[in-house]
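Since the structure comes first, as structure tokens, the remarks are kept for the end.
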Amino acid sequence: MPGEAAGWFQGTADAVRKFIWVLEDYYKHKAIEHILILSGDQLYRMDYMELVQKHVDDNADITLSCAPVGESRASDYGLVKFDSSGRVIQFSEKPKGAALEEMEVDTSFLNFAIDAPAKYPYIASMGVYVFKRDVLLDLLKSRYAELHDFGSEILPKALHEHNVQAYVFTDYWEDIGTLRSFFDANMALCEQPPKFEFYDPKTPFFTSPRYLPPTKSDKCRIKDAII
């Protein structure tokens with residue numbers, strides 16, 4: 001785009017900023033009040049309208065979709081704390097040691113949704129956000145124009161100035177942004193029953209068709225596989 005620096009995105013916020021011109025034309029997009037931002041390296045199934053509706057009901061400036069996680073992987077994520085109204089009061093990006101311990105929360109309020117919530121004493125940001133359109137434009141173009149990442153830079157500052165709410169998602173969610181996690185998530189699909197099911201007729205997944213010859217395997221013994 002004219003006037004923009006070339007090169008790789010410097011972070012999640014920078015990626016959105018480089019395409020913010022799509023949302024800036026007021027006359028074309030004046031009816032748009034809220035912006036949903038998603039990550040492309042996750043596996044889950046969510047009704048985004050429930051997330052957006054909570055954002056609207058809370059009159060939130062920003063809503064973070066969050067998921068409970070265990071201690072072993074908590075330091076891989078941005079972690080949040082929120083008050084009884086759901087308002088985020090603390091955000092820490094990939095904390096370790098004492099900083100990680102400080103982000104531990106009582107997740108017993110999730111008894112209705114997950115088994116043994118005590119095993120998941122942290123609430124992680126999924127990297128799925130809803131912003132008021134005007135708030136997003138202000139943060140990326142004016143208030144924090146020099147910052148590049150939502151999780152490590154913008155959100156920890158914005159929560160002190162804006163109504164930032166948490167939406168807790170309790171269904172299957174897996175971050176597959178590393179080779180190890182991508183491999184493990186694929187292998188988990190072979191379990192019986194799998195933790196995540198692609199074949200749901202109510203919410204199907206659509207992929208690009210591939211017209212390739214069939215797989216030929218000689219002298220093989222295959223068990224619990226997807227080919």
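The values are calculated or read from the model by the stated rules, or taken from the named source; none is laboratory data. Since we're looking at a predicted model, the values are computed, not measured. Because the Cβ atoms are built from the backbone with ideal geometry, glycine has one as well, and the counts that use them run over all protein chains shown.
Structure data summary
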quantity: Yes/no for L110 being of a type in the set (A, V, I, L, M), touching a residue at least 60 places away in the same chain (Cβ under 8 Å) and touching a strand residue (DSSP E or B) at 6+ places or on another chain (Cβ under 9 Å); calculated: yes
quantity: Residue in the stretch 39-65 that is surrounded by the most Cβ atoms within 10 Å (Cβ to Cβ), counting only those that are assigned to a helix (DSSP H, G or I) and aliphatic (A, V, I, L, M); calculated: L51
quantity: Subset of the stretch 10-30 (residues that are modelled with pLDDT of 85 or more and assigned to a loop (DSSP other than H, G, I, E, B)); calculated: Q10, G11, K18, F19, I20
quantity: Boolean, S84 is more than 20 Å from Y172 (Cβ to Cβ), out of contact with any Phe, Trp or Tyr (no Cβ under 8 Å at 6 or more places or on another chain) and at pLDDT below 95; calculated: yes
quantity: Filter result for L36 (buried (at least 18 other Cβ atoms within 10 Å of the Cβ) and touching a residue at least 12 places away in the same chain (Cβ under 8 Å)); calculated: no
quantity: Long-range neighbours under 6 Å by Cβ, at least six apart or interchain, first residue surrounded by 11 or more Cβ atoms within 10 Å (Cβ to Cβ) within the stretch 1-17, second among the β-branched types (V, I, T) and at pLDDT 85 or above; calculated: A13/I154
quantity: Pick from the stretch 179-217, criterion small (G, A, S) and modelled with pLDDT of 85 or more, ranking: surrounded by the fewest Cβ atoms within 10 Å (Cβ to Cβ); calculated: S217
quantity: Candidate set: the stretch 70-88, residues that are of a type outside the set (S, T, Y) and either over 17 Å from K157 (Cβ atoms) or touching a His at 6+ places or on another chain (Cβ under 9 Å) (or both); chosen: the one surrounded by the most Cβ atoms within 10 Å (Cβ to Cβ); calculated: A74
quantity: Some residue of the stretch 102-112 being crowded, with 20+ Cβ neighbours inside 10 Å and touching a Leu at 6+ places or on another chain (Cβ under 9 Å); calculated: yes
quantity: Residue count, the stretch 134-145 (criterion: under 10 Å from H34 (Cα atoms) and either of a type in the set (V, I, T) or at pLDDT below 95 (or both)); calculated: 2
quantity: Filter pass, L155 being closer than 18 Å to R45 by Cβ and not aromatic (F, W, Y); calculated: no
quantity: Residues located in the stretch 189-208, provided they are more than 13 Å from Y44 (Cβ to Cβ) and free of Cβ contacts under 8 Å to residues at least 12 places away in the same chain; calculated: P193, P194, Y199, P201, K202, P204, F206, T207, S208
quantity: Filter pass, Y199 being more than 26 Å from T63 (Cα to Cα) and either polar (S, T, N, Q) or not in a helix (DSSP H, G or I) (or both); calculated: yes
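Residues checked against (1) free of Cβ contacts under 8 Å to residues at least 40 places away in the same chain; (2) touching a strand residue (DSSP E or B) at 6+ places or on another chain (Cβ under 8 Å):
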position: I62; (1), (2): no, yes
position: A67; (1), (2): no, yes
position: S84; (1), (2): yes, no
position: E104; (1), (2): yes, yes
position: I114; (1), (2): no, yes
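Here's the yes/no breakdown for (1) among the charged types (D, E, K, R); (2) modelled with pLDDT under 95:
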site	(1), (2)
S152	no, yes
F169	no, no
W173	no, no
R221	yes, yes
